[in-house]
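Report on one structure; see the data block that follows.
Where a number appears in this text, it was derived from the coordinates with a stated rule and is not lab data. Predicted, not measured: the structure shown is a model, and the values here were computed from it. All Cβ positions, even for glycine, are placed from backbone atoms using ideal geometry, and neighbour counts span all protein chains on display.
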């Protein structure tokens, strides 16, 4: 296959960045991969794992002559990185990112893009709870959705090129308004993570139940939450700081519903409980039918 | 291997009951399996699947001459079932159950046990989100914990026999006070299910985000919750009705913590967020080290 890009720069080599590097290598999506990483350990790993043709500590150096720059760092770094590498971009370059919040990405990166450079905000909805350059794998994006949120007036050729990149990486692609993306992800990703972090924290704080007991009997449902709550702390801190309003909105609705559920338990309203528990089953069926979960995944939850 | 019991009666043939029947067959833990099920479909399935030597609609008939009776029905059925089958039990019989709440099990079953019969409350902490006689499998209890909560003065031989039964079914066994069990499971199982049901309900109710979007982008973390929220509605209704006080206690603590987290997001307190998200990681490590989760489970959660 002809490479889509001659020189691709990947900024940040965590789970997503290193998975991208692997799939680009495997499918020959770019002729050259240049990687920028802040820590010497990650730069060494990039070399050891054969994920880069050149490694850089300085982001302004890494993007020189790149026709595709993909930002794979926590959202909180976007503004200072874009400010640092913007002036080094060559005319015609396409810049994209993989962050979980898109309005803030546009706000933080857009202003630093020089004339002739197009920023196409993107988000592959895929991942695991593992972090770092060793945790990535080339199949991470297969059968998952990547959402692109180009602002009005974005060069269509650039959008098409980024969409084609993700399709060749195994992903399906959807175009969406950035604000709507942030609302959708607030409920399908950010709120679930917030709840998981919270319940694991609550369990960790209990005086009446020991940590050893929480761990031993985690197969009753808790262990799924521990997995989500093992996700990268800095990345998730930045998600909640940058998608604050949408998360607070969804959290407000969650809390209203939880209060109603709490009241149903307190007043022993079995019919209300059963009605909710019956209603939620069909969503699982929809997720399975959409190919986003296996019908017979490892039996994790229990009575 | 010599069978532990001559005649075992399994009351209820859902996920747990049918898994027990399978493992009893596979390991020869009883010479004869008698099954009681309310619905004609389940009784037919018991026959078709070869899980029973005899099937009964009437629970009083099913326990006659049984030396081991295992109750595998929702918690809300315990009292009326115990009242119905108690008089038919033979002297020396052992009765146990698999319910997720143990104080109510003792309260509902104990009074109906005739002299010479021992009730040993039990709970295998294992399961999946699937229900019914076709969903069970013999390996369900392997490497999982079964908790027994015999009240003071329970015949030790009966406790030992039930413990041995679960060990031969592949489980590890722990003895615990019933009230403490109910508190431990409130946090490791009941609260996670409540939260999962609630968030899936919240997502289902949104007007701004469509159900189709919730389903398509479920790989961002939501899909784990949909799995837990697909668990049996009647069983879980009864769990929350019978373990009401412990669940409300844990829910109160969860809500306090969630309010603090909400405030941290509102006031952009990144340090507080990062501190919690870092602290919760070690619990996951503990769950993996304890053999209650795989280090590389299917990559389900994402950014």
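Summary value for region B:170-280: 33 percent relative contact order, contacts being C-alpha pairs under 8 angstrom separated by 6+ residues. Of all DSSP bridge pairs formed entirely within chain B, close to 10 percent run antiparallel.
Each of B:197, B:267, B:78, B:137 was scored by other Cβ atoms within 10 Å of its Cβ. Arranged with the fewest first, they read B:267, B:137, B:78, B:197.
Going from the fewest other Cβ atoms within 10 Å to the most, the residues A:102, A:268, A:90 appear in the order A:268, A:90, A:102. Each copy carries residue A:177; placing its label point 7 Å along the C-beta direction from Cα gives inter-copy distances of 5.8 nm, listed from smallest up.
For a test of the definition: using alpha carbon positions, the gyration tensor, and the 1.5 limit on a/c, classify region A:135-285 as rounded, prolate or oblate. Prolate, since a/c reaches 1.5 and a/b exceeds b/c. Beta bridges assigned by DSSP with both partners in the protein assembly as shown are antiparallel in approximately 10 percent of cases. Relative to the longest principal axis of the Cα atoms of chain A, helix A:270-279 runs at roughly 30 degrees.
As a proxy for reagent exposure, ranking B:162, A:120 by other Cβ atoms within 10 Å from fewest up yields A:120, B:162. In a Gaussian network model over chain A where Cα atoms closer than 10 Å are linked, find which of A:269, A:65, A:53 has the largest mean-square fluctuation. Its mean-square fluctuation being the largest, the pick is A:269.
Counting, for every residue in B:265-275, the Cβ atoms of other protein chains within 10 Å of its Cβ and taking the mean gives 5. Across peptide A:126-137, the average count of Cβ atoms from other chains found within 10 Å of a residue's Cβ is 3.
Quick check on region B:44-120: take the gyration tensor over C-alpha atoms, sort the square-rooted eigenvalues as a ≥ b ≥ c, and tell me if it's rounded (a/c under 1.5), prolate or oblate. In terms of gyration-tensor shape, oblate.
Between A:212, A:135, A:88, the Gaussian network model of chain A with springs among Cα atoms under 10 angstrom shows the greatest mean-square fluctuation at A:212. Indicate the gyration tensor shape class of region B:5-176 (rounded, prolate or oblate), computed on the Cα atoms with a ≥ b ≥ c the square roots of the eigenvalues: a/c under 1.5 is rounded; otherwise a/b larger than b/c is prolate and the rest oblate. The shape class here is rounded.
Among the residues of A:252-263, the average count of other protein chain beta-carbon atoms within 10 Å of the residue beta-carbon is 5. Distance from the A-onto-B rotation axis is smallest for the Cβ of the chain A residue given, in whole Å, as A:224, 2.
Angle of helix A:15-27 to the longest C-alpha principal axis of chain A, folded into 0 to 90 degrees and rounded to 10: 50°. Over region B:114-172, Cα pairs under 8 Å with separation of 6+ residues give a relative contact order of 43 percent. On C-alpha positions alone, give me the angle between the axis of helix A:156-168 and the longest principal axis of chain A, in degrees, nearest 10. Long axis of A:156-168 versus the principal axis of chain A: about 60 degrees.
Calculated [222 nm] ellipticity per residue, helices only, for chain A: -14000 deg cm²/dmol; basis is -39500 (n - 2.57) per DSSP H run with n ≥ 4, divided by all residues, nearest 500. Placing R0 at 30 angstrom, the Cβ-Cβ distance between residue A:248 and residue B:179 gives a FRET efficiency of 0.20 after rounding to 0.05. If R0 is taken as 35 Å, the Cβ-Cβ distance between residue B:285 and residue B:27 corresponds to a FRET efficiency of 0.60. Summary for residue A:26: label point 7 Å along Cα→Cβ; distances to the equivalent points in the other copies, ascending, 3.2 nm. Length gained on full extension, residue A:266 to residue A:60, computed as 0.36 nm times the residue gap minus the Cα-Cα distance: 68.2 nm.
Given the options B:220, B:127, B:28, which has the most mean-square fluctuation in a GNM of chain B, springs set between C-alpha atoms less than 10 angstrom apart? Largest GNM mean-square fluctuation: B:220.
Compute the relative contact order of chain A as a whole-number percentage, counting only Cα pairs closer than 8 Å that sit 6 or more residues apart in sequence.
For chain A, the relative contact order is 16 percent.
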